[in-house]
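The values are calculated or read from the model by the stated rules, or taken from the named source; none is laboratory data. Everything numeric here is computed off the predicted structure, so don't read it as measured data. We place every Cβ from the backbone using ideal geometry, glycine too, and count neighbours over all the protein chains shown.
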Amino acid sequence: MRSRIARLLLYLLAVVVLIIVGGFSYLFLALPRVAPPAALQVPRTPERIARGQYLSRHVAGCSDCHGERDWSKYSAPQVREREGHGGMAFTIDVGTLYAPNITPARLSEWTDGEVLRAMTDGVSKDGAPLFPLMPYDAYRQLSREDAESIIAFIRTLPAVAREVPRTQLNFPFNLLVRTMPSPAPTLPEKAPDPSDRLAYGKYLTTIGSCVTCHTQMDRGQPKPGMAFAGGLEFHPRSGGVQRSANITPDVETGIGRWTVEQFVDRFKSVAAADEASLVLNGRQNTEMPWRDYGGMTTEDLAAIFTYLRTVPAVRNAVAR
């Protein structure tokens, strides 16, 4: 009797081991799902580089995350001399993530197709998964022309051979991250026409990942029905706790009473102000990169406002 029980336990143990081995084999051999990089060589025309610079610095946030921000100044503007150098640490519940170096010193062996795949599919040159703090879900909404423009621009950054620490994810996220990337759909050739202010505003809002910072999270997922309603907590390097604003068109707790002129001026007034005036006004420092986003054109900011006025209004009073 005892020998039969022992054999049964042995069989069960063998099954458990096979399941574990099979699971790990699947995670590390079949995932992440990777598409081959496109055969791509981006033309580095002045027009492409200028467009890529604009998107990287003022819309998509590439220069914010892969550079360095000056926390001694209001809204921590980008340190232009460190653009693309990487190394910025993001300590979140799942671990500590480091933005990699994206200057030509790091990407010289990457093809343009591999850079595009990292931006939109979430996998590195070697097929390793990228945690979605890198907003590849948003960047796969880029037009092909704009994605290539960003690539053209980062190829022009001064090459800096800076080693960046490896991202450290806590268990089980170091395994779950392998399930997150997926091949991106075909990018549209062009962005919506800027004359269609609503469609173009939605496009800019999406690739700028505005909803990510302006939506509360629950166990790593956006709270249903709370898109753009604010309240996500930040612990900025300047200290304290801050919460993102409600930017839905709710008239009591959001921007429902704002005019387009007020919205645009909120960005432009900070971008144009000297540091002393901001300090004299007693403003607390903020994670929101007002100065960088204030580099957007008036027309683009107005387009974003036009789109935000169409999202569902959510009554959510955010504690300052």
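Here are the numbers for this structure:
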quantity: Test: residue in region 132-148 that is in contact (Cβ under 8 Å) with a residue 60 or more places away in the chain, closer than 17 Å to residue 32 by Cα and over 19 Å from the mean Cα position of the chain (by Cα); calculated: no
quantity: In region 127-166, the residues that are part of a loop (DSSP other than H, G, I, E, B), in contact with a strand residue (DSSP E or B) (Cβ under 9 Å, 6 or more places away or on another chain) and not basic (Lys, Arg); calculated: 130, 131, 133, 134, 164, 165
quantity: Qualifying positions in region 261-320 - closer than 22 Å to residue 231 by Cβ and without any contact (Cβ under 8 Å) to a residue 24 or more places away in the chain; calculated: 262
quantity: Some residue of region 119-126 being assigned to a loop (DSSP other than H, G, I, E, B), in contact (Cβ under 8 Å) with a residue 24 or more places away in the chain, surrounded by fewer than 20 Cβ atoms within 10 Å (Cβ to Cβ) and at negative phi; calculated: no
quantity: Verdict on residue 261 being surrounded by fewer than 14 Cβ atoms within 10 Å (Cβ to Cβ), in a helix (DSSP H, G or I), assigned by TED's automatic domain parsing to the domain that holds residue 301 and at pLDDT 95 or above; calculated: yes
quantity: Close pairs (8 angstrom Cβ cut-off, 6 or more residues apart or separate chains): more than 28 Å from residue 273 (Cα to Cα) in region 70-96, small (Gly, Ala, Ser) anywhere; calculated: 87/99; 90/99; 93/220; 94/220; 96/89
quantity: When residues of region 271-290 are limited to those that are at pLDDT 70 or above and loosely packed, with under 11 Cβ neighbours inside 10 Å, the one farthest from residue 64 (Cα to Cα); calculated: 276
quantity: Within region 50-104, considering residues that are among the charged types (D, E, K, R) and assigned to a loop (DSSP other than H, G, I, E, B), the one surrounded by the most Cβ atoms within 10 Å (Cβ to Cβ); calculated: 83
quantity: Any hit, region 233-240, residues being hydrophobic (A, V, I, L, M, F, W, C) and either surrounded by 15 or more Cβ atoms within 10 Å (Cβ to Cβ) or closer than 24 Å to residue 301 by Cβ (or both); calculated: yes
quantity: Residue within region 231-244 that is aromatic (Phe, Trp, Tyr) and more than 30 Å from residue 46 (Cα to Cα) present; calculated: yes
quantity: Of the criteria (1) over 23 Å from residue 133 (Cβ atoms); (2) modelled with pLDDT under 90; (3) not assigned by TED's automatic domain parsing to the domain that holds residue 131; (4) not aliphatic (A, V, I, L, M), which one residue 33 fails; calculated: (1)
quantity: So residue 230, is it within 26 Å of the chain's Cα centre (by Cα) and either surrounded by fewer than 19 Cβ atoms within 10 Å (Cβ to Cβ) or in the same structural domain as residue 71 (by TED's automatic domain parsing) (or both); calculated: no
quantity: Among the residues listed as 54, 26, the single one being of a type in the set (Ser, Thr, Tyr) and modelled with pLDDT of 90 or more; calculated: 54
quantity: Candidate set from region 150-188 (those that are more than 20 Å from residue 123 (Cα to Cα) and at pLDDT 95 or above); member that is surrounded by the fewest Cβ atoms within 10 Å (Cβ to Cβ); calculated: 158
